[in-house]
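Have a look at the structure below before the remarks.
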Amino acid sequence: MIRPALAALILASALAGVPAQAAPVYVASQQGAQVTRVEAGAVAGRAAVAGAPATVAAGGGSVFLSHPDGHAITVADAATGAVLRRLPYKGQGFGLAASADGGTLFVADWSGHRVDRLSAADGTVEASAETGRDPAHLALDRTGRLYVADRESHQVSVFETARMTRLATIPVGTAPFALALSPDERRLYVGNVRSNDLTVIDTQALKAVATVPAGAMPYGIAVSPDGARVLVTNQHAATVTVLDADTLGIAATIGVGRYPEGIVIEGGRAYVANWFSDTVSVLDLATLKEVAQVPVAEGPRSLAVAAAAKDTPR
């Protein structure tokens, strides 16, 4: 067994020369009931959160965690990770998205087949809309348009959030789960976990324009800041598939921990939550290699970057 001091030295050596990141990455560990703050590729803080957090989102200086079985949402301070309050939620809240100022939350009610718009101050439900069956992850763009992965309806629902009006229903692959927008928000990438592929949606036309193989059970998606690469976690292969955004061909496959789920990009690196390994893989985007695995609490599933409010989609 590697001693803690030696493990820290190995981690520091692996990350030598990697640029420091501008914003912390938060990791929700479901079984460990904990949120971990990672900065510059190392653990900078931990906070206990009761009730098995499933999904984490960030906005306006706050971090939000959903508790599907605890019927609640935890609000934490993005600077320190300290838990601020717990909001009651009657449904089985899973997917989350937050406005740029952190004042509004969007919550996918998994068993209620709807999406709710909530006040982040007190959890008041301001508006609701029906979705397809088992809505999973959400993506919110800068114009206030919300995309919902309706897993068991094999579609993506698109909403205008001011009135929570559905604009479109777009058929995709089998069991869509993860969503990610390109930096210019002209493309939405959808990971279909049971058809093992990635659907590309044109967000101007609101229609699917391509579906390509993406590895064994694509569970999380992130897009590089220049929009050139799409990174997809493969839960059943313990890998990350890197796609060229122009050709949609596979540019690389990177080995990570067991059962990778969520993935985010920050500071020239990608961070991958390895659910069964209880680690976060750190990937160098220049070399497309894993440079470290950071130990976290049991069952890490979701990650979010606590970016400045001006950088967060409204």
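Some notes on this structure:
- Cα Rg, Dmax (largest Cα-Cα span) when computed across the chain, Å: 17.9, 56
- Cβ-derived FRET efficiency at R0 51 Å, A205 paired with A23, nearest 0.05: 0.95
- Relative to the Cα centre, the charge distribution of the chain, modelled as +1 at Lys and Arg Cβ and -1 at Asp and Glu Cβ, gives a dipole magnitude of about 220 debye.
- Remark: the Cα gyration tensor places region 192-272 in the oblate category, a/c being 1.5 or greater and a/b not exceeding b/c.
- In region 82-125, the trypsin sites (Lys or Arg not before Pro) that fall in loop regions by DSSP, at most 16 other Cβ within 10 Å: K90
- Normalising the average separation of contacting C-alpha pairs (under 8 angstrom, six or more residues apart) by the number of residues puts the relative contact order of region 241-314 at 24 percent.
- Two-site label geometry, D122 and R258: point separation in nm, points 7 Å out along Cα→Cβ: 4.7
- Taking label points 7 Å from Cα along the Cα-to-Cβ direction, D184 and A168 give a separation of 1.7 nm.
- Surface composition of the chain: carbon plus sulfur atoms contribute 52% of the solvent-accessible area (1.4 Å probe, protein chains only, all chains present).
- Label separation (I250 vs R46): 3.5 nm, computed from points 7 Å beyond Cα along the C-beta direction.
- Estimated vicinal HN-Hα couplings, Hz - region 104-120 in sequence order (Karplus 6.51, -1.76, 1.60; Gly, Pro = x): 10, 10, 10, 10, 8, 8, 4, 8, x, 6, 8, 10, 10, 9, 10, 6, 6
- Length-normalised contact order of the chain in % [C-alpha pairs under 8 Å, at least 6 apart]: 15
- Its residue count N fixes a reference of 2.2 N^0.38 Å for region 38-134, and the Cα radius of gyration divided by that reference is 1.05.
- Prolate/oblate/rounded label for region 112-248 (Cα gyration tensor, a/c 1.5): prolate
- Heavy-atom surface of the chain, accessible at 1.4 Å and reported per residue (Å²): 39
The values are calculated or read from the model by the stated rules, or taken from the named source; none is laboratory data. Just so we're clear, the structure is a prediction, and the values are computed from it rather than from any experiment. Counting neighbours? That spans all protein chains shown, and the Cβs are built from the backbone with ideal geometry, glycine included. Just the protein is used for accessible areas: all its heavy atoms, side chains included, with ligands, DNA and RNA removed. Shrake-Rupley method; radii C 1.70, N 1.55, O 1.52, S 1.80 Å.
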